[in-house]
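Everything on this sheet refers to the single structure shown next.
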Amino acid sequence: MLLGTQVSHFTWPGAPESIGPIFGRIARDADAAGLDSLWVMDHFFQISMIGPPELDMLEGYTALAFAAGQTERIRLGTLVTGVTYRHPGVLVKTVTTLDVLSGGRAYLGIGAAWNDEEHLGLGVPYPPVAERFERLEETLQIALQMWRGEDSPYAGRHYTLQRPLNVPQALSRPHPPILIGGGGERKTLRLVAQYADACNIFDMGPAAIAAKFDVLRGHCEALGRDYGEIEKTVLSRLSLGDGSPDATGSPTESVAHAVDRLGQLAEIGTDHVIVGLVNVAVPGAFDAVGEVVRQVAPIVPAGR
């Protein structure tokens, strides 16, 4: 079983001057702890579930490029890029560049976008949800075409690319893994089954996650796709300690409890859990995380 981490809050003591040094340390420590992946959100304003929009927020791909230069092995991605934020050809070029410069460590994390506040605030068009899903599917088609090295014209309903050239090509083979975020059963998980290498589901408890995986399995069967090819990831949280409250007021958990909880996710077929650390900016935050990584590594997810 794999463990990754997402950094979603950058308003640390001494910000903004402290953001670069602290984020660099987080990336290095996550890499040294043996975590498989490092993720940032692709938002321009802080999201309401975490805090007010005025809190510090980094542009995702610049942050990942910075992290790539600080690390050696950890994989890098956004969780997830809103399809409306960048033209598909530019997005594929951006992810390819990250992949090349990191030595083949990039993911393309993508979704249909949802935060109308930052769209309106920055003047980014925010079409209705049905159109956003149409644009998502076209973007997936464009990404796969460009990563196949096909530069023939692409003509969709929303995007027209006369020559989708992508040179240099990504180092990842056959291409950077495509992860689609979200648990929508009719559209999102169908797109995962048809186009993606990975899905990402919020941690809503093993039973509810398993139900989403069952829906994904059904889409795979309908499309003739091998369900086992898809990396199943879950976005959760981790706050290690002695049971006393953490900065959010929630109780911390021991390494043993965390390993047991993650093992329960493996039992329903989760391959990769991506956790947000409550104390991520504190020096030494990854010391105990490394032990969790070591203990969950031998766990074989169901179906593997």
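Is there a residue being in a loop (DSSP other than H, G, I, E, B) and at pLDDT 95 or above anywhere in the range 94-103?
Within the range 94-103, one or more residues are in a loop (DSSP other than H, G, I, E, B) and at pLDDT 95 or above.
Test each condition in (1) among the hydroxyl-bearing types (Ser, Thr, Tyr); (2) farther than 17 Å from ASN279 by Cα; (3) without any contact (Cβ under 8 Å) to a residue 40 or more places away in the chain; (4) out of contact with any Ser or Thr (no Cβ under 6 Å at 6 or more places or on another chain) for SER37 and report the one that comes out false.
Unmet for SER37, out of (1) among the hydroxyl-bearing types (Ser, Thr, Tyr); (2) farther than 17 Å from ASN279 by Cα; (3) without any contact (Cβ under 8 Å) to a residue 40 or more places away in the chain; (4) out of contact with any Ser or Thr (no Cβ under 6 Å at 6 or more places or on another chain): (3).
All but one of (1) of a type outside the set (Asp, Glu); (2) buried (at least 17 other Cβ atoms within 10 Å of the Cβ); (3) within 26 Å of ARG135 (Cα to Cα) hold for ALA27; state the number of the condition that does not hold.
Tallying (1) of a type outside the set (Asp, Glu); (2) buried (at least 17 other Cβ atoms within 10 Å of the Cβ); (3) within 26 Å of ARG135 (Cα to Cα), ALA27 fails exactly one: (3).
Considering the range 38-93 alone, what residues qualify as being under 25 Å from VAL289 (Cβ atoms), surrounded by 24 or more Cβ atoms within 10 Å (Cβ to Cβ) and either of a type in the set (Ser, Thr, Tyr) or at pLDDT below 95 (or both)?
Within the range 38-93, just THR78 meets the criteria.
Can you tell me which condition ALA113 does not meet? The list is (1) without any contact (Cβ under 8 Å) to a residue 40 or more places away in the chain; (2) buried (at least 20 other Cβ atoms within 10 Å of the Cβ); (3) not in a loop (DSSP other than H, G, I, E, B), and all the others hold.
Of (1) without any contact (Cβ under 8 Å) to a residue 40 or more places away in the chain; (2) buried (at least 20 other Cβ atoms within 10 Å of the Cβ); (3) not in a loop (DSSP other than H, G, I, E, B), only one is false for ALA113: (3).
The values are calculated or read from the model by the stated rules, or taken from the named source; none is laboratory data. Values in this document were obtained by computation on a predicted structure and should not be read as measured data. Using ideal geometry, Cβ is built from the backbone for each residue, glycine included, and neighbour counts are taken over all protein chains shown.
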